[in-house]
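Colleague: Following this message is one structure expressed as structure tokens.
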Amino acid sequence: MKALLCATLALALGGLAPWGTALAADTVRVFTSYPQEMMDRYEQAFAKANPDIKLDFQWGHGGDAMATLRQPDQGGVDVLWSPALKAFPALAREGAFRPLGDGAKGIATKVGGMPLTDGKGTYAAFELAGYGFAVRPDYLAGHGLPVPRDWSDLARPAYAGHVILPVPSSTGFAPPMIEVILQHHGWDKGWALLAEIAANAELLDSGGGVAMVNELAEGTKGIGMIIDFFVRSAKADGKPVTFVYPEITAYVPAHVAITAKAPHAKAAEAFVRFVLSDQGQVLLMTPEVMRLPVRPSAYAKAPADFPRPFEGKAAAFVFDPAKGNARQFAMTALFDAFITSRHAQLRDTFALIRKAEAAGDKARAETARQLLTSVPVSEAECGNPTLNATLENMDFEGAKAVKAGWTKAAAAGTAQTLAVLAK
């Protein structure tokens with residue numbers, strides 16, 4: 001709330017307060033979207049190591065950062081420090097950052113086979129987050145359910161009514177998670193799997209990861225599809241939840257960079273060097289933060305049960321975040337048209353398909369399943385840059401028309417499925 005109030009006040013004062021006045025030469029302006037508790041933790045630790053340098057935070061999401069750093073003076077920002085996956089590569093291509101030099105020495109550039117930066121040294125990964133399942137073990141035990149090990153487990157009939165699935169158009173961490181499923185299973189099979197998971201699930205369209213974990217803690221559901229740090233923080237607070245990484249998953253990075261026009265460049269270098277140092281990276285594993293370091297040496301101080309993404313056999317699956325970023329607007333609109341708009345019908349129709357399968361009518365059930373899960377747009381079409389530009393603002397008539405067409409096609413598929421099952 002403190003961060004939100006600060007951001008609201010800044011907007012109310014024309015986006016400049018408290019940034020409208022010059023800062024002392026030893027003050028670093030840091031643009032971030034991290035929560036206040038995490039900013040406070042790093043500010044206190046940095047002050048002990050660098051008592052002559054002050055930090056001045058501006059809070060905003062990735063879009064806000066891009067708008068600010070595209071101003072002629074880059075908004076007076078020295079450092080961009082944020083889990084803004086799309087902002088860093090876009091801004092780097094525009095020359096928004098200066099080289100980090102040896103400030104990022106020892107920081108991992110890959111996890112598994114996935115690159116964590118563009119390899120040009122203008123920004124570095126700062127921490128990782130992985131996708132998987134929030135689980136309430138006692139809930140699953142009480143319902144006689146095993147702990148899921150893969151995304152496809154959540155489509156099994158036994159999990160019906162026990163799952164929470166976030167809607168990517170309204171939940172910030174969800175789009176890359178949906179992309180993990182699409183990229184691993186392929187476009188058509190991936191959407192079919194998502195449709196059947198949705199039939200088993202409650203759709204979460206507000207409140208984000210905190211709301212999901214709270215719902216599990218209250219005992220209304222047993223499994224949530226989520227990003228890991230929400231769960232580890234909740235567990236550290238005593239909530240009866242744990243996190244499970246699926247057999248196939250992806251880790252997405254947050255980054256840090258120094259702006260090309262940083263007015264306090266030397267002090268900014270000290271801050272970046274600190275957050276990427278062993279000391280700064282170990283802070284990520286404290287209960288107040290609970291993120292995954294990108295400096296492999298930091299894991300020597302990790303608890304025994306702490307995840308270690310740089311150890312073990314690298315997964316054959318290589319997640320491509322650039323592919324997901326390029327088609328994110330189309331993917332989120334398609335999710336709403338293909339899944340959200342007919343969520344109740346998916347639940348009821350899959351129940352009929354499963355009933356036909358249980359009765360031995362497998363041919364009709366297979367035909368019905370294919371009709372119900374036939375996605376109305378190809379992968380190539382969804383990746384079209386013009387289409388994604390159209391769908392970036394869903395208030396535009398062109399965007400509404402595209403989504404309406406997909407929704408109509410999905411509804412037609414439902415009707416055809418029910419006709420087959422009624423024969």
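Colleague: What residue, of M212, M290, is at positive phi and not small (G, A, S)?
Modeller: M290
Colleague: Can I ask one more? So G119 passes all but one of these: (1) outside any helix (DSSP H, G or I); (2) in contact (Cβ under 8 Å) with a residue 24 or more places away in the chain. Which condition number does it fail?
Modeller: (2)
Colleague: Only helices (runs of 4 or more DSSP H) wholly contained in the stretch 327-376 count here; list those with 3 or more residues that are out of contact with any strand residue (DSSP E or B) (no Cβ under 6 Å at 6 or more places or on another chain) and in contact (Cβ under 8 Å) with a residue 60 or more places away in the chain.
Modeller: Per the criteria, 328-338, 343-358.
Colleague: Search the stretch 377-419 for residues being assigned to a loop (DSSP other than H, G, I, E, B) and in contact (Cβ under 8 Å) with a residue 24 or more places away in the chain, and hand back the single one that is surrounded by the fewest Cβ atoms within 10 Å (Cβ to Cβ).
Modeller: Step by step, filter the stretch 377-419, then rank; the result is S378.
Colleague: Looking at (1) crowded, with 23+ Cβ neighbours inside 10 Å; (2) in a helix (DSSP H, G or I); (3) among the aliphatic types (A, V, I, L, M), which is the only condition A211 fails?
Modeller: (1)
Colleague: Filter the stretch 245-266 for residues that are touching an Asp or Glu at 6+ places or on another chain (Cβ under 7 Å) and among the hydroxyl-bearing types (S, T, Y) and give the result.
Modeller: Correct list: T259 only.
Colleague: Residue by residue through the stretch 97-117, note down the ones that are among the charged types (D, E, K, R) and either surrounded by fewer than 14 Cβ atoms within 10 Å (Cβ to Cβ) or closer than 16 Å to A270 by Cα (or both).
Modeller: Correct list: R98, D102, K105.
Colleague: Could you grab the pairs with beta carbons closer than 9 Å, sequence gap of 6+ or different chains, first residue in the stretch 78-90 and closer than 20 Å to R29 by Cα, second one surrounded by fewer than 19 Cβ atoms within 10 Å (Cβ to Cβ) and among the β-branched types (V, I, T)?
Modeller: Filtered contacts from the stretch 78-90: D78/T27.
Colleague: Considering only the stretch 121-149, state which residues are under 23 Å from the mean Cα position of the chain (by Cα) and loosely packed, with under 15 Cβ neighbours inside 10 Å.
Modeller: V147, R149
Colleague: Next up: If I ask for residues that are β-branched (V, I, T) and more than 18 Å from A333 (Cα to Cα), which ones from the stretch 406-420 would you list?
Modeller: T414, T417, V420
No lab work stands behind these numbers, since they all come straight from the coordinates. None of the values given here were measured: they were computed from a predicted structure. Quick reminder, even Gly has a Cβ in these numbers, built from the backbone with ideal geometry, and neighbours come from all protein chains shown.
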